[in-house]
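Worksheet: one structure, shown below.
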Amino acid sequence: MNWTKKDLLGITELSKEEILFVLDTADSFKEVSQRDIKKVPTLRGKTVITLFYEPSTRTRTSFEIAAKRLSADTINISASTSSYVKGETLRDTAKNLEAMNPDVTIIRHSMPGAPHMLARIVDSSIINGGDGAHEHPTQALLDLFTMREKKGTLDGLKIVIVGDIIHSRVARSNIFALRHFDSEIVCCGPPTMIPPHIEELGVTVEYNLKKAIRNADVIMMLRIQKERGGVTYIPSIKEYSTFFGLSRDLVTNAKKNVIIMHPGPMNRGVEIMDDVADGPYSVILEQVENGVAVRMAVLYLLLGREA
Amino acid sequence: MKNKVLLDKKAVERTINRIAHEIIEKNKGVEELRLIGIRTRGVHLAQRIKQTIEGIEHISLPLGVLDITMYRDDVFKLKSPELKKTDIPFDVNNITAILVDDVMQTGRTTRAAIDAIMDLGRPKRIQLAVLVDRGDRELPIHPDYAGIIHSANPEEDVMVRLSEVDGKDEVIVVAS
Amino acid sequence: MSILIKKGRVIDPKSGLDGVIDIFVNGNRIEKIDTHIRKTGSDIHVIDASGQIVAPGLIDTHAHLREPGYEWKETIRTGTMAAVKGGFTSVVCMANTNPVNDNKSVTDYIIQKARTDASCRVFPCGAITKGLKGEELSEIGELYEAGIVAISDDGKSVKNSALLVKALEYSQLFGIPVISHCEDEDLSKGYVHEGKASVLSGLDAIPAIAEELIVSRDIALANYANAPIHLTHVSSGGSADIIQHAKKSFKKITCDTCPHYFSLTDEATLGFDTNTKVNPPLRGKEDVEAMKEGLRNNTIDIIATDHAPHEGTSKDVEFDIASFGISGIETAFALSLALVGEGVITLHELLRKFTVNPARLLRLPYGQIAPGAIADIIIFNPDVEWKVDRNSFLSKGKNTPFHGWKLKGKNLLTIVDGRIVYRDKSFKG
């Protein structure tokens with residue numbers, strides 16, 4: 001299998017083979033992260049820029065570690081410290097960065113389509129680190145990697161995604177990726193947070209959390225925000241937690257070997273209780289570890305693509 | 001367009017046998033030895049050498065598998081960037097690592113393999129065993145054990161075929 | 001100066017005329033329509049229209065000419081140059097200029113500017129409320145005397161129902177229509193149509209109900225006030241249903257749709273091309289079919305362009321913050337001719353929606369070809385294929401989602417007030 005894509009803008013653009021190729025490649029890189037010398041010279045001399053218009057420690061750090069473990073040089077730019085504050089457009093920022101010859105730029109932005117716009121403007125590779133509510137492809141890839149590692153397969157599973165689905169790029173990317181496989185995807189959350197027409201993507205909707213997670217193999221909890229853009233979607237955090245917070249005894253409704261996932265950062269006590277976050281079913285920390293491996297794989301494949 | 005056979009099945013077997021004996025002799029025993037096969041055919045050769053040595057010395061010899069793609073100096077010119085896993089189930093520190101590969105030519109693969117092992121630890125020494133040395137070095141690296149030495153022309157390809165991968169055992173020269 | 005148009009197939013929807021016949025224009029009026037008109041004289045310009053169709057000049061009831069205040073996006077000069085290229089001889093320009101056209105001096109300015117700069121007729125539409133704020137009525141009478149042909153707060157809906165009723169009642173004193181932009185702004189906090197495409201793109205979405213709710217309300221208020229109302233840029237099937245049903249009992253409703261609502265679906269937004277960002281948004285397949293059906297069964301009376309030119313920098317940004325709008329006046333007619341090709345509507349009916357019906361709504365003495373009528377005429381070929389190239393637009397606004405499209409049907413020549421104001425390079429007649 002050959003990798004030909006210049007950018008990773010979303011799961012939408014990937015075929016099933018390409019998704020599996022990333023996962024298989026990530027396997028080799030995971031091993032690097034577990035050794036004493038967590039470095040290989042593969043991307044030596046390459047420049048990786050992270051351009052984050054939205055705050056994020058987790059994703060940015062993960063990309064930075066991934067790049068450094070491949071011996072690349074990294075530069076971090078965050079919107080608050082950059083000329084963005086002075087009114088520079090995305091296009092101008094991109095062109096300026098391009099003049100410094102980066103090999104790959106990872107962009108996180110609050111608006112859907114920003115990475116796509118960037119990819120049209122610049123010649124270097126673009127990785128979407130999250131664009132508004134649209135996609136977060138490396139998150140979905142590391143989620144699938146984790147599921148596959150724990151369950152041995154991505155087919156025949158019941159996967160439940162819980163939370164603010166309508167605003168979640170993590171939910172979208174995961175749904176797009178899982179559609180290639182033979183698993184049941186259930187979306188659970190308050191009706192105000194489930195987009196109408198989502199069933200057209202092949203997922204089932206269930207508002208009752210206990211019902212939704214019955215016999216689940218995977219439960220993915222999403223972070224909750226009470227308000228977005230001045231519109232209330234739920235009356236209060238407390239109410240959300242009562243009906244959609246995952247507690248230990250609720251988990252007993254799932255399969256015995258269920259895994260609990262969360263893209264982070266967690267609102268402990270809101271969507272996920274301590275005894276679940278730290279409990280035996282949680283793979284949340286492994287997701288973080290896998291994130292570095294998956295991002296190493298993505299960097300490796302993009303920069304080594306067939307010209 | 002005929003392929004020239006350098007080693008047939010019997011000859012391959014004898015050569016591997018000889019290499020195994022040489023390894024034991026040069027190292028005066030096998031206690032500190034660890035075999036590391038370089039993917040892909042080096043792994044099968046290492047497996048065969050391992051079995052032969054174990055048959056002689058009656059001692060279990062650990063085997064490691066090394067994928068050197070990440071260390072190659074031409075990694076981004078490869079036709080396929082596919083990675084295979086490196087799996088070294090022993091401590092690399094203070095051992096005598098015997099790298100095993102099928103064909104040695106420029107020496108670059110060996111350089112990559114040495115770098116890879118050094119990132120895993122500090123062996124006491126590293127030795128190299130190859131089934132075929134076809135000359136044409138681009139780096140000052142030499143095998144400690146060579147099955148056969150054959151100076152091939154630039155238009156020729158020396159190929160090792162092993163039954164585990166290719167269905168038969170032989171070493172042939174092919175016009176490339 | 002006189003013009004003799006020979007051997008064209010003349011179609012006049014108002015009278016039903018359809019035949020190969022000559023037209024003689026003298027001064028600014030059509031003097032004679034007859035077969036084989038013979039005229040000699042050095043000051044007679046002869047146009048050979050054989051193989052082409054001759055029709056009344058098109059009337060656009062909804063365009064944004066951006067002057068005064070936004071001249072970098074468009075001016076009356078460039079907007080009307082684009083209009084006549086597109087086959088339009090009259091354009092109604094909306095009031096959301098800067099300053100807003102809510103008083104006589106802005107209306108005067110536009111009319112004066114049009115006198116010197118415009119290639120076609122420009123009819124200002126006045127604002128319903130002062131500053132488009134939705135709080136107080138503009139001095140509609142004063143605006144009427146200054147020359148407005150309609151009132152509209154287009155860009156927004158009049159949120160205060162009581163105020164809209166007052167506008168509907170008051171405007172009847174002057175006999176001018178109220179043109180309503182139907183949008184519930186609390187429901188429309190988004191950038192694309194709410195549908196499967198918005199689930200895929202993650203863009204904040206506008207449900208069709210945001211339009212349908214106000215369509216319903218405005219019809220009810222007009223009915224209550226027993227006043228005519230014109231609903232502009234109708235885009236959803238639901239709206240068409242409401243209007244069709246309401247028209248059965250209340251006859252004073254008219255409405256228009258725009259070519260992008262029957263040529264594109266919301267799937268066009270999946271690539272985040274900001275040229276597809278428009279308000280109301282591009283909708284689903286069922287809505288596109290409903291617009292076509294509405295045009296076919298006369299629920300929809302008029303096709304307007306909602307020409308919304310924008311400068312590159314306001315569109316060349318992230319989708320969320322890009323300006324809404326399509327620069328559509330140069331592609332509108334060709335996109336509409338496709339409906340004839342598809343069998344949705346006859347050519348006569350299509351032309352009616354661009355000529356007779358707008359003229360009736362605005363009470364303008366244009367939109368027909370008849371002896372004695374003002375000579376606003378176009379010559380077009382419905383079969384010529386051409387490729388849309390935004391860089392060759394005469395409008396300053398290059399924001400079109402149709403760039404690269406192959407369209408069939410092209411306007412070749414435009415005559416306004418008896419003078420040729422546009423001739424396509426390819427037209428040799």
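The values are calculated or read from the model by the stated rules, or taken from the named source; none is laboratory data. All figures in this text were calculated on a predicted structure; none of them were measured in a lab. Don't worry about glycine lacking a Cβ; one is built from the backbone with ideal geometry, like all the others, and counts go over all protein chains shown. Areas reflect the complete protein model, heavy atoms only, side chains present, ligands, DNA and RNA absent. Shrake-Rupley method; radii C 1.70, N 1.55, O 1.52, S 1.80 Å.
Screening B:Val171 with (1) assigned to a strand (DSSP E or B); (2) within 21 Å of B:Ile68 (Cβ to Cβ); (3) open to solvent by less than 30 Å² (accessible area, probe 1.4 Å); (4) in contact with a helix residue (DSSP H, G or I) (Cβ under 8 Å, 6 or more places away or on another chain) gives one miss only, at (2).
Kindly indicate the residue of region C:293-317 that is over 17 Å from C:Asn279 (Cβ atoms) and open to solvent by less than 10 Å² (accessible area, probe 1.4 Å) and also farthest from the other protein chains (Cβ to nearest Cβ) among those meeting that condition. Before the answer, list the steps.
Of all residues in region C:293-317, those over 17 Å from C:Asn279 (Cβ atoms) come to C:293-303, C:311-313, C:316.
Those left that are additionally open to solvent by less than 10 Å² (accessible area, probe 1.4 Å): C:294-295, C:299-300, C:302-303.
Details: C:Gly294: 23, C:Leu295: 27, C:Thr299: 26, C:Ile300: 26, C:Ile302: 31, C:Ile303: 29 Å.
Filtering region C:293-317 for residues that are over 17 Å from C:Asn279 (Cβ atoms) and open to solvent by less than 10 Å² (accessible area, probe 1.4 Å), the one farthest from the other protein chains (Cβ to nearest Cβ) comes out as C:Ile302.
Tell me which residues, restricted to region B:98-124, are among the hydrophobic types (A, V, I, L, M, F, W, C) and within 14 Å of chain A (Cβ to nearest Cβ). Steps first, answer last, please.
Taking region B:98-124 and keeping what is among the hydrophobic types (A, V, I, L, M, F, W, C), we get B:98-100, B:103-104, B:112-114, B:116-118, B:120.
Of everything in region B:98-124, those that are among the hydrophobic types (A, V, I, L, M, F, W, C) and within 14 Å of chain A (Cβ to nearest Cβ) turn out to be B:Ala112, B:Ala113, B:Ile114, B:Ala116, B:Ile117, B:Met118, B:Leu120.
Out of A:Pro280, A:Pro195, A:Pro263, I need the residue that is crowded, with 19+ Cβ neighbours inside 10 Å, of a type outside the set (Ser, Thr, Tyr) and closer than 26 Å to A:Thr57 by Cα. Which one? So that I can check it myself, show each step before the final result.
Values: A:Pro280 fails: crowded, with 19+ Cβ neighbours inside 10 Å; A:Pro195 fails: closer than 26 Å to A:Thr57 by Cα.
None of the other options fit; the residue is A:Pro263.
Yes or no, residue by residue, for (1) part of a loop (DSSP other than H, G, I, E, B); (2) in contact with a strand residue (DSSP E or B) (Cβ under 6 Å, 6 or more places away or on another chain); (3) under 24 Å from C:Ala375 (Cβ atoms):
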| position | (1), (2), (3) |
| --- | --- |
| C:Thr107 | no, yes, no |
| C:Gly141 | no, no, no |
| C:Val158 | yes, no, no |
| C:Val165 | no, no, no |
| C:Glu169 | no, no, no |
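For the structure I just gave you, tell me whether A:Arg228 is within 28 Å of A:Thr192 (Cα to Cα), modelled with pLDDT under 95 and surrounded by fewer than 21 Cβ atoms within 10 Å (Cβ to Cβ). Write out each step before concluding.
Working: within 28 Å of A:Thr192 (Cα to Cα): yes; modelled with pLDDT under 95: yes; surrounded by fewer than 21 Cβ atoms within 10 Å (Cβ to Cβ): yes.
Judged against the criteria, A:Arg228 is a match.
Among the residues of region A:164-187, is there at least one that is touching a Cys at 6+ places or on another chain (Cβ under 6 Å) and more than 19 Å from A:Arg295 (Cα to Cα)? Yes, region A:164-187 contains a residue that is touching a Cys at 6+ places or on another chain (Cβ under 6 Å) and more than 19 Å from A:Arg295 (Cα to Cα). One residue stands out among those in region C:100-128 that are free of Cβ contacts under 8 Å to residues at least 40 places away in the same chain and of a type in the set (A, V, I, L, M): the one that is surrounded by the fewest Cβ atoms within 10 Å (Cβ to Cβ), which is C:Ile111.
Quick check on my filter: what residues within region A:111-143 are more than 13 Å from A:Leu51 (Cβ to Cβ) and either touching a Pro at 6+ places or on another chain (Cβ under 7 Å) or surrounded by fewer than 22 Cβ atoms within 10 Å (Cβ to Cβ) (or both)? Lay out the reasoning, then the answer.
Taking region A:111-143 as the starting set, the residues that turn out to be more than 13 Å from A:Leu51 (Cβ to Cβ) are A:111-113, A:116, A:120, A:123, A:132-143.
Scanning region A:111-143 gives A:Arg120, A:Asp123, A:Gly132, A:Ala133, A:His134, A:Gln139.
In summary, C:Gly195 fulfils each of the numbered conditions (1) closer than 23 Å to C:Glu293 by Cα; (2) within 14 Å of another protein chain (Cβ to nearest Cβ); (3) open to solvent by 10 Å² or more (accessible area, probe 1.4 Å) with the single exception of condition (3). Scanning region A:43-67 for residues that are assigned to a helix (DSSP H, G or I), farther than 22 Å from A:Pro112 by Cβ and of a type in the set (Ser, Thr, Tyr) yields one hit, A:Thr61.
Just checking, does region B:135-142 include any residue being hydrophobic (A, V, I, L, M, F, W, C), touching a Lys or Arg at 6+ places or on another chain (Cβ under 8 Å) and either surrounded by fewer than 19 Cβ atoms within 10 Å (Cβ to Cβ) or at negative phi (or both)?
As a first pass, look at region B:135-142 and keep what is hydrophobic (A, V, I, L, M, F, W, C): B:139, B:141.
Now drop any that are not touching a Lys or Arg at 6+ places or on another chain (Cβ under 8 Å), which leaves B:139, B:141.
Of the ones still in play, those that are also either surrounded by fewer than 19 Cβ atoms within 10 Å (Cβ to Cβ) or at negative phi (or both) are B:139, B:141.
Yes, region B:135-142 contains at least one residue that is hydrophobic (A, V, I, L, M, F, W, C), touching a Lys or Arg at 6+ places or on another chain (Cβ under 8 Å) and either surrounded by fewer than 19 Cβ atoms within 10 Å (Cβ to Cβ) or at negative phi (or both).
If the condition is being of a type in the set (Lys, Arg) and away from chain A (no Cβ under 11 Å), then region B:49-97 contributes only B:Lys50.
If the requirement is being part of a loop (DSSP other than H, G, I, E, B), within 13 Å of chain C (Cβ to nearest Cβ) and either out of contact with any helix residue (DSSP H, G or I) (no Cβ under 7 Å at 6 or more places or on another chain) or over 28 Å from A:Glu286 (Cα atoms) (or both), which of these qualifies: A:Met117, A:Met111? Spell out the reasoning first.
Numbers: A:Met117 fails: part of a loop (DSSP other than H, G, I, E, B).
The unique qualifying residue is A:Met111.
With respect to C:Gly202, is the statement that it is open to solvent by 10 Å² or more (accessible area, probe 1.4 Å), farther than 26 Å from C:Cys93 by Cα and free of Cβ contacts under 8 Å to residues at least 60 places away in the same chain true? Spelling it out, it is not the case that C:Gly202 is open to solvent by 10 Å² or more (accessible area, probe 1.4 Å), farther than 26 Å from C:Cys93 by Cα and free of Cβ contacts under 8 Å to residues at least 60 places away in the same chain. Evaluation of A:Ile107 against the conditions (1) in contact with a Gly (Cβ under 9 Å, 6 or more places away or on another chain); (2) open to solvent by 10 Å² or more (accessible area, probe 1.4 Å); (3) of a type outside the set (Asp, Glu); (4) closer than 23 Å to A:His167 by Cα shows that the sole unmet condition is (2). It is to be established whether one or more residues within region C:387-396 are of a type in the set (Phe, Trp, Tyr), under 28 Å from C:Leu282 (Cα atoms) and touching an Asp or Glu at 6+ places or on another chain (Cβ under 6 Å). Yes: one or more hits.
Considering region B:40-60 alone, what residues qualify as being buried (at least 18 other Cβ atoms within 10 Å of the Cβ) and touching an Asp or Glu at 6+ places or on another chain (Cβ under 8 Å)? Before the answer, list the steps.
Keep residues of region B:40-60 that are buried (at least 18 other Cβ atoms within 10 Å of the Cβ), which gives B:41-46, B:48-50, B:52-53.
Passing the criteria: B:Arg41, B:Gly42, B:His44, B:Leu45.
Region C:185-281 holds helices (runs of 4 or more DSSP H) entirely within its bounds, and those carrying 2 or more residues that are of a type outside the set (D, E, K, R) and farther than 24 Å from C:His307 by Cβ map to C:196-201, C:209-225, C:237-249. You will find that of A:Leu9, A:Leu14, the residue that is within 14 Å of another protein chain (Cβ to nearest Cβ) and either crowded, with 18+ Cβ neighbours inside 10 Å or without any contact (Cβ under 8 Å) to a residue 60 or more places away in the chain (or both) is A:Leu9 and no other. In region C:215-236, is there at least one residue being in contact with a helix residue (DSSP H, G or I) (Cβ under 6 Å, 6 or more places away or on another chain), in the same structural domain as C:Glu342 (by TED's automatic domain parsing) and over 24 Å from C:Ser171 (Cα atoms)? Yes, region C:215-236 contains at least one residue that is in contact with a helix residue (DSSP H, G or I) (Cβ under 6 Å, 6 or more places away or on another chain), in the same structural domain as C:Glu342 (by TED's automatic domain parsing) and over 24 Å from C:Ser171 (Cα atoms).
Can you find, within region A:18-37, the residue that is most open to solvent (accessible area, probe 1.4 Å) among those that are within 21 Å of A:Arg179 (Cβ to Cβ) and within 12 Å of another protein chain (Cβ to nearest Cβ)? Among those that are within 21 Å of A:Arg179 (Cβ to Cβ) and within 12 Å of another protein chain (Cβ to nearest Cβ), it is A:Asp24.
Among (1) more than 14 Å from every other protein chain (Cβ to nearest Cβ); (2) open to solvent by 30 Å² or more (accessible area, probe 1.4 Å); (3) at negative phi; (4) not hydroxyl-bearing (Ser, Thr, Tyr), which single condition is C:Asn226 missing? Tallying (1) more than 14 Å from every other protein chain (Cβ to nearest Cβ); (2) open to solvent by 30 Å² or more (accessible area, probe 1.4 Å); (3) at negative phi; (4) not hydroxyl-bearing (Ser, Thr, Tyr), C:Asn226 fails exactly one: (3). Run B:Ile59 past the list (1) at pLDDT below 95; (2) under 23 Å from B:Pro143 (Cβ atoms) and report the number of the one that doesn't hold. Going through (1) at pLDDT below 95; (2) under 23 Å from B:Pro143 (Cβ atoms) one by one, B:Ile59 breaks only (2).
State the number of residues belonging to region C:168-192 that are open to solvent by 30 Å² or more (accessible area, probe 1.4 Å) and either within 14 Å of chain A (Cβ to nearest Cβ) or at positive phi (or both). Please lay out each step first, then the result.
Going residue by residue through region C:168-192, those that are open to solvent by 30 Å² or more (accessible area, probe 1.4 Å) are C:169-170, C:172-174, C:183-187, C:189, C:191.
Then drop every residue that is not either within 14 Å of chain A (Cβ to nearest Cβ) or at positive phi (or both), which leaves C:184-187, C:189, C:191.
Residues that pass the stated criteria total 6.
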